[in-house]
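Here the structure is laid out as structure tokens; the discussion comes afterwards.
The values are calculated or read from the model by the stated rules, or taken from the named source; none is laboratory data. Since the structure is predicted, the reported quantities are computational estimates derived from the model, not experimental observations. Reconstructed Cβ throughout: ideal geometry from the backbone, glycine too, with neighbour counts over all protein chains shown. Note: areas computed on protein heavy atoms with side chains; ligands, DNA, RNA excluded. Shrake-Rupley method; radii C 1.70, N 1.55, O 1.52, S 1.80 Å.
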Amino acid sequence: MIVIGLTGGIGSGKSTLLSWFKSKSIPVFESDKVANELLNTKLREEVSLHFGANLYATGSLDTQALAALVFENNNLLQTLNSIVHPAVAHAFTLFLKTNIKAKAVVKEAAILFETGAYKQCDFMILVCAPKEERIARVMRRDSVSREAVLARMNHQWSDAKKRTLADAVIENTNLEEATHQLEQLLKEQLEGL
Ligand code: ADP
């Protein structure tokens, strides 16, 4: 089995490209989605303890409020990471066991390199797009301000830094070309098994 890591900054288009893997019936592990699920189940008590139970006042986690808290305070961000990252890594180990017979699986994470999660991958694909285009995409997708996008971007490594660790880089400006590149990469990786 090959574990493919798929990463890219916010708005680069990694969720969009992940859909292509899904369409090929390749098992995918969506780290952010899993983290969010865990924050609303297993980790709820611990997060309430550190960040206040009012974050769950509506019944599920107010992710915007939590983001506002941690992005203003690096210590709180580290606390949150120390709660979330080990739980996600554990869930990923279970995912691998469940899909033990698959030829390839994909681990998608916005911060694959930042968290060190890339060490669980055999081949890392970085999705890139021009910064202004990424900002425009996220403003449209999430109906948020430019400042809100920049605040989230500033907590991620620059593409230049990520490129040094990536095995392949996909420039996702034209989706058709990017998908074609992805198809080629997967083919090469499967042939090499
Ligand atoms: P990420 O998961 O990296 O944050 P998404 O896959 O959600 O990014 O893409 C961000 C937005 O940009 C989505 O609304 C998506 O439909 C759009 N998008 C993705 N790739 C392209 C592209 N090549 N051209 C135009 N829009 C794109």
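Taking the convex hull of the alpha carbon positions in region 37-98 and averaging its projected area over all directions gives 4.3 nm².
Between 0 and 90 degrees, the angle of helix 175-191 with respect to the longest Cα principal axis of the chain falls at about 70 degrees.
Counting Lys and Arg as +1 and Asp and Glu as -1 over every other residue whose Cβ lies under 14 Å from the Cβ of Thr79, the net charge comes to -2. Sorting 64-73, 34-43 by average packing, meaning the other beta carbons within 10 Å per residue, from highest down gives 34-43, 64-73. In the chain, the longest principal axis of the Cα atoms and the axis of helix 63-72 are about 80 degrees apart.
So for Met124, Met1, what's the accessible-area order with a 1.4 Å probe, most first? All intermediate terms of the calculation are to be shown ahead of the outcome.
Working: Met124 20, Met1 90 Å².
Of Met124, Met1, the descending order of accessible area is Met1, Met124.
Computed about the Cα centre, the dipole magnitude for region 80-193 is approximately 420 debye when only Lys and Arg (+1) and Asp and Glu (-1) carry charge, each at its Cβ. For the residue pairs Lys24/Lys103; Lys22/Lys103; Lys103/Lys162; Lys119/Lys162, the C-alpha atoms sit more than 19 angstrom apart in Lys103/Lys162. Given their separation in residues at 0.36 nm each and the Cα-Cα distance between them, His85 and Val144 gain 18.6 nm when the chain is fully extended.
Counting charges near Tyr56 (Lys, Arg +1; Asp, Glu -1) among other residues having Cβ under 13 Å from its Cβ returns a value of -2.
As a size descriptor, the averaged projected area of the C-alpha convex hull of the chain was calculated at 11.1 nm².
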